[in-house]
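Reviewing the structure listed below.
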Amino acid sequence: MLTCIAIDDEPLALEVLKKYIAKIYFLDLKGAFTDPFEAQKLMETSPVDILFLDIQMPDINGIEFSVSSTRKIQPLFLPPPSANMPWKVST
């Protein structure tokens with residue numbers, strides 16, 4: 001079992017990601033956050049193997065966030081949605 005957390009500043013995108021993660025039997029979602037700094041608090045106290053991370057966020061981008069982590073975590077970056085992506089969620 002791999003532990004993971006998800007960080008995305010868009011709540012709807014985070015909900016979609018949570019549903020996909022729930023379908024993968026070997027992933028254990030420890031938390032989903034719209035605020036990367038709240039996620040950092042969990043990462044300091046709980047082991048996390050995989051980090052699903054939005055690249056574009058208002059206060060800190062995903063790359064900066066992953067580099068700032070003191071723990072070795074495998075980040076998986078989520079690209080920003082664009083009009084030509086067929087899986088884009090419409091509101």
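The values are calculated or read from the model by the stated rules, or taken from the named source; none is laboratory data. Just so it is clear, the model here is predicted, and its values are computed rather than measured. Neighbour counts are summed over all protein chains in view; Cβ atoms, including those assigned to glycine, are modelled from backbone coordinates with ideal geometry.
General remarks:
- Residue in the stretch 11-21 that is surrounded by 13 or more Cβ atoms within 10 Å (Cβ to Cβ) and either in contact with a Gly (Cβ under 8 Å, 6 or more places away or on another chain) or in a strand (DSSP E or B) (or both) present: no
- Filtered by the rule that a residue be of a type in the set (A, V, I, L, M), closer than 15 Å to residue 73 by Cα and at pLDDT 95 or above, the stretch 28-50 gives a lone residue, 29.
- The C-beta contact set for the stretch 28-40 (first residue within 15 Å of residue 64 (Cβ to Cβ), second residue among the small types (Gly, Ala, Ser), distance under 7 angstrom, 6+ apart or interchain) comprises 39/31.
- Taking the criterion of being in contact (Cβ under 8 Å) with a residue 24 or more places away in the chain and out of contact with any helix residue (DSSP H, G or I) (no Cβ under 8 Å at 6 or more places or on another chain), the residues of the stretch 45-61 that qualify are 46, 47, 49, 50, 58.
- The residues of the stretch 5-16 that are farther than 14 Å from residue 55 by Cα and touching a residue at least 24 places away in the same chain (Cβ under 8 Å), listed by number, are 5, 12, 16.
- Of all residues in the stretch 24-40 being surrounded by fewer than 14 Cβ atoms within 10 Å (Cβ to Cβ) and not acidic (Asp, Glu), the one that is nearest to residue 1 (Cα to Cα): 26
- Among the residues of the stretch 41-62, the ones that are outside any strand (DSSP E or B) and surrounded by 18 or more Cβ atoms within 10 Å (Cβ to Cβ) come to 4 in all.
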